[in-house]
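Peer 1: My questions all concern the structure below.
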Amino acid sequence: MTLVFATHNSDKVKEVQAILPDFIKILTLTDIGCFEDIHETANTIEGNALLKAQYVYENFGYACFADDTGLEVSALNNEPGVFSSRYAGESADSEANIQKLLKALEDVQDRSAQFKTVIALIQNGEKKLFTGICKGRIISEKKGSSGFGYDPIFVAEGSDLTFAQMTPEAKNAISHRGKAIRQLAAFLKEG
Ligand code: IMP
């Protein structure tokens, strides 16, 4: 079975390939010659995942899945959520996003937050969503240097380490994306 994963991010592809069964051949956007920017214009994480999968299905004719992730902070009405990558502005980097979040949470007692990943799969015209959630909290200063995005300030429930202090394997075992990918893998194995 061939499936397109609607991403150019080779780290994500490796992570997914390690979890999906061997009978599934993954093609990336680069592999199918899709170099256009798929604009993430939906206002929900689910909507953006669907929009990306649908774009590939409709324009390239491949069965496809796409993921979208956001960090939802309770004290901020679940912001930055769908805007996580551009919280501090359209071309903001992770450092700017982290600093904006730490500032917004200055003197805030409730530090609870969760990462949410939604994977949208479109096969034979049918859509299916898989959601992975990792609950935790935002600490008040950065710790650790691996990972990406908000990893240095997020500590998952049941852990004392930030995601940036964990090995990729330890993070994947409990992370939002790991959970969503394992649900996708279980579904594809059933079929
Ligand atoms: P994407 O949908 O996977 O591109 O994620 C959107 C944004 O959420 C990223 O740019 C990061 O800022 C943040 N993010 C997603 N996944 C993670 C993660 O595992 N750790 C930290 N930040 C993440």
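Read-outs: derived from the displayed coordinates by stated rules, not from any lab. Nothing here was measured: the structure is a model prediction, and the numbers come from that model. Positions of Cβ are backbone-derived with ideal geometry, glycine not excepted, and every protein chain shown enters the neighbour counts.
Peer 1: How compact and how long is segment 96-155, expressed as Rg and Dmax of its alpha-carbon atoms in Å?
Peer 2: Taking only Cα atoms of segment 96-155, I get Rg and Dmax of 15.5, 51 Å.
Peer 1: Show that you can apply the helix-only estimate: for the chain, add -39,500 (n - 2.57) for every DSSP H stretch of four or more residues, divide by all residues, and state [θ] at 222 nm to the nearest 500. Numbers along the way, then the final one.
Peer 2: Values: 5 runs with 59 residues, N = 191.
Mean residue ellipticity at 222 nm (helix-derived): -9500 deg cm²/dmol.
Peer 1: Using DSSP to call loops (not H, G, I, E or B), can you name the chymotrypsin sites (Phe, Trp or Tyr not before Pro) in segment 1-92 whose Cβ has at most 13 other Cβ atoms within 10 angstrom?
Peer 2: Here the sparse-neighbourhood loop sites are F23, F35.
Peer 1: Moving to a separate point now. What list of ³J(HN,Hα) values in whole Hz, one per residue of segment 135-144 in order, does the Karplus curve 6.51 cos²θ - 1.76 cosθ + 1.60 (θ = phi - 60°) give from phi, with Gly and Pro shown as x?
Peer 2: Coupling constants for segment 135-144: 7, x, 8, 9, 8, 8, 8, 6, 9, x Hz.
Peer 1: Right, here's the next one. Give the relative contact order (percent, whole number) for segment 47-152; include only Cα pairs under 8 Å separated by 6+ residues. Spell out each step's value before the answer.
Peer 2: Numbers: 168 pairs, mean separation 29.2, N = 106.
Across segment 47-152, relative contact order equals 28 percent.
Peer 1: Starting from the amide H of V4, placed 1.01 Å from N in the peptide plane, find each other amide H under 5 Å away whose residue is 5 or more places distant or on another chain.
Peer 2: L27, A63, C64, F65
Peer 1: Please state the Cα pair-distance histogram of segment 2-176 with 5 angstrom bins from zero: what percent is in each bin?
Peer 2: That works out to 1, 8, 16, 20, 20, 15, 11, 6, 2, 1, 0, in percent per bin.
Peer 1: Okay, moving on. Convert each backbone phi in segment 103-109 into a coupling constant with the Karplus relation 6.51 cos²θ - 1.76 cosθ + 1.60 (shift: θ = phi - 60°), then list the ³J(HN,Hα) values in order as whole Hz, x for Gly and Pro.
Peer 2: For segment 103-109, the Karplus curve yields 5, 4, 9, 4, 6, 9, 6 Hz.
Peer 1: Next question, about the same structure. Once all Cα-Cα distances of segment 1-43 are split into 5 Å bins that start at 0, what whole-number percent is in each one?
Peer 2: 5, 20, 29, 21, 14, 8, 2
Peer 1: Can you work out the Karplus-derived ³J(HN,Hα) for every residue in segment 64-75? Use 6.51 cos²θ - 1.76 cosθ + 1.60 with θ = phi - 60°, whole Hz, and x for glycine or proline.
Peer 2: 8, 10, 9, 10, 8, 9, x, 9, 10, 9, 4, 5
Peer 1: Okay, next question. Please report the antiparallel percentage of DSSP beta bridges with both residues in the chain, rounded to the nearest 5.
Peer 2: So the antiparallel bridges amount to about 85 percent of the total.
Peer 1: Percent relative contact order of the chain, based on C-alpha pairs within less than 8 angstrom and at least six residues apart? Walk me through the numbers on the way to the answer.
Peer 2: Working: 349 pairs, mean separation 34.2, N = 191.
Dividing the mean separation by the residue count of the chain yields 18 percent.
Peer 1: Past 26 Å, Cα to Cα, is the threshold; run K116/K189; K52/K100; K100/K128; K100/K127 against it and keep the listed order. Spell out each step's value before the answer.
Peer 2: Numbers: K116/K189 23 Å; K52/K100 28 Å; K100/K128 34 Å; K100/K127 36 Å.
Exceeds cut-off: K52/K100; K100/K128; K100/K127.
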